[in-house]
1. Inspect all residues belonging to segment 359-382 and state whether any of them is at pLDDT 95 or above, closer than 28 Å to residue 156 by Cβ, more than 23 Å from the chain's Cα centre (by Cα) and crowded, with 17+ Cβ neighbours inside 10 Å.
2. Looking at 200, 152, can you tell me which residue is in contact with a strand residue (DSSP E or B) (Cβ under 9 Å, 6 or more places away or on another chain) and among the aliphatic types (A, V, I, L, M)?
3. Can you spot a residue in segment 127-144 that is surrounded by 16 or more Cβ atoms within 10 Å (Cβ to Cβ), assigned to a loop (DSSP other than H, G, I, E, B) and touching a strand residue (DSSP E or B) at 6+ places or on another chain (Cβ under 8 Å)?
4. Can you name every one of the helices (runs of 4 or more DSSP H) wholly within segment 159-265 that holds 1 or more residues which are over 26 Å from residue 114 (Cα atoms), at pLDDT below 95 and open to solvent by 70 Å² or more (accessible area, probe 1.4 Å)?
5. Exactly one condition in (1) at pLDDT 95 or above; (2) among the β-branched types (Val, Ile, Thr); (3) part of a strand (DSSP E or B) is not met by residue 353; state its number.
6. Taking segment 68-106 as the region of interest, how many residues are farther than 15 Å from residue 251 by Cα, hydrophobic (A, V, I, L, M, F, W, C) and open to solvent by less than 10 Å² (accessible area, probe 1.4 Å)?
7. Looking only at segment 42-62, count how many residues are open to solvent by 30 Å² or more (accessible area, probe 1.4 Å) and either under 30 Å from residue 249 (Cβ atoms) or in contact with a Pro (Cβ under 6 Å, 6 or more places away or on another chain) (or both).
8. List pairs: first residue in segment 124-139 and within 15 Å of residue 363 (Cα to Cα), second residue open to solvent by less than 80 Å² (accessible area, probe 1.4 Å) and modelled with pLDDT under 95 anywhere in the structure, Cβ distance under 9 angstrom, at least six positions apart or on different chains.
Amino acid sequence: MELPISFTDRMQRLLGPEYKDFLAALQQPSPVSIRLNKAKFAGQPALVRVPWASHGYYLPERPSFTLDPLLHAGAYYVQEASSMFLEQALRQAVDLGQPLQVLDLCGAPGGKSTHIASLISKESLLVSNEVIRSRASILAENIMKWGAGNVLVTSNDPRDFGKLPNFFDVMVVDAPCSGEGMFRKDVQAISEWSDENVNLCAQRQQRILMDVWEALKPGGVLVYSTCTWNEQENEQNIAWLADQEQAESIRLNLEPAWGAVPTELNGVEGYRFYPHRVQGEGFFMAVVRKAGASGDTLTGKSRKKKYKLNRAGKKEQALVQDWLLEPDRFEWVQHGDVISALPAHLFEAADEVYQQLYVVYAGIEVAEVKGKKLKPLQGLALSQHLHREAFAKEELSLEQALRYLRKEDISVGGQGSNWLLLTYQDLALGWAKQVGNRLNNYYPKEWRIRMELPQDLPEPLLL
């Protein structure tokens with residue numbers, strides 16, 4: 001591994017006698033870890049736990065995730081272990097039992113957003129944002145697979161969040177960075193690194209923090225993180241923010257066995273993860289609280305009389321309400337031909353987001369209106385709120401499931417013209433339509449598995 005000289009010089013000064021262990025760790029394979037979706041998978045795998053994450057686990061080796069239907073069903077998410085430390089920041093700095101409005105500003109591809117969705121209460125709202133539209137589509141896909149139902153996916157520049165002053169109780173800013181912590185996982189990150197890029201990243205991170213700061217409520221919590229080790233992008237940036245805005249540093253309690261290294265600059269505390277100390281990649285996190293007293297969950301602004309969200313008609317609601325568990329808990333909205341469901345108590349807050357931001361995906365996409373008929377949508381199939389008894393169900397074998405995920409024609413026998421909910425190990429994968437003895441595959445074409453299936457199919461990861 002050819003590391004830049006200025007990088008190695010800095011790390012030697014920073015780590016001292018630990019530098020040799022650090023360098024040796026960079027030559028080792030990256031650990032592989034996953035985080036379970038306990039709303040979909042209740043089992044207890046025989047795997048080593050990620051110590052700072054309640055549902056994080058290490059794998060002994062990297063399997064072919066693409067060929068595991070349970071991944072596509074949202075039973076787990078493949079996430080780097082160090083970044084799961086977000087759970088400690090939220091559990092220790094925030095009352096997660098309260099209704100919260102949470103922003104994950106740099107959400108793609110979805111690791112932290114799905115983690116947040118598992119930690120906040122059902123009464124809370126998560127806005128998961130990604131500025132790059134193509135990446136926002138990937139984010140929406142992973143949010144849909146997780147199936148929480150109280151998430152809005154947006155695609156906006158950080159400065160756009162100034163239109164929502166004092167809106168969020170919690171912000172997570174996993175800032176774009178120089179990527180030093182990813183060197184052993186991504187060789188390209190080494191070739192792209194330079195001192196100039198570090199400076200540019202630090203300046204961009206400051207702009208991002210100032211752009212979104214107004215949207216955080218007084219008393220609200222900001223979690224800042226990067227996957228890099230230099231002080232410019234880490235301690236210096238968060239100390240600069242605290243000085244500019246009189247923010248209070250929040251200290252987290254660390255277990256010594258975790259291996260995380262606490263740091264401090266100008267009274268602001270941070271936490272560093274090094275590959276020779278933890279089973280994970282390079283990572284930095286700091287938590288601060290905005291000055292002032294916390295206010296109500298909603299902004300308190302006078303509402304516009306006209307909502308941007310259009311409620312679905314009573315006729316349409318009557319056709320789809322039995323498709324969800326506890327349908328009275330939801331507000332039914334319609335955009336064009338698509339009927340979606342939002343938790344009713346989040347309608348006002350969600351509409352405020354719609355008024356100001358570009359929303360890619362919201363709540364649960366339930367059905368598409370096709371003339372006098374309704375087509376159930378993928379978001380419904382993968383939702384944690386799906387009323388499965390409302391549909392005929394067909395359990396697939398591993399080969400059938402993978403062929404379905406490749407969007408191939410499969411046969412399950414039977415006759416009729418029903419919509420079928422296709423499952424694998426009792427987890428929903430998506431929809432098919434029985435037309436006589438033929439089965440039409442409605443798996444989203446942009447999600448389909450493109451790799452060829454091997455003759456010997458691997459066992460699913462969570463068996």
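The values are calculated or read from the model by the stated rules, or taken from the named source; none is laboratory data. Here the structure is a predicted model, which is why all the values come from computation and not from measurement. Virtual Cβ from ideal backbone geometry, glycine too; neighbours counted across all protein chains shown. Just the protein is used for accessible areas: all its heavy atoms, side chains included, with ligands, DNA and RNA removed. Shrake-Rupley method; radii C 1.70, N 1.55, O 1.52, S 1.80 Å.
1. yes
2. Just one listed residue meets the conditions, 152.
3. yes
4. Where helices (runs of 4 or more DSSP H) fall fully within segment 159-265 and carry at least 1 residues being over 26 Å from residue 114 (Cα atoms), at pLDDT below 95 and open to solvent by 70 Å² or more (accessible area, probe 1.4 Å), they are 187-192.
5. All conditions are met except number (3).
6. 8
7. So the count comes out to 4.
8. 124/297; 125/297
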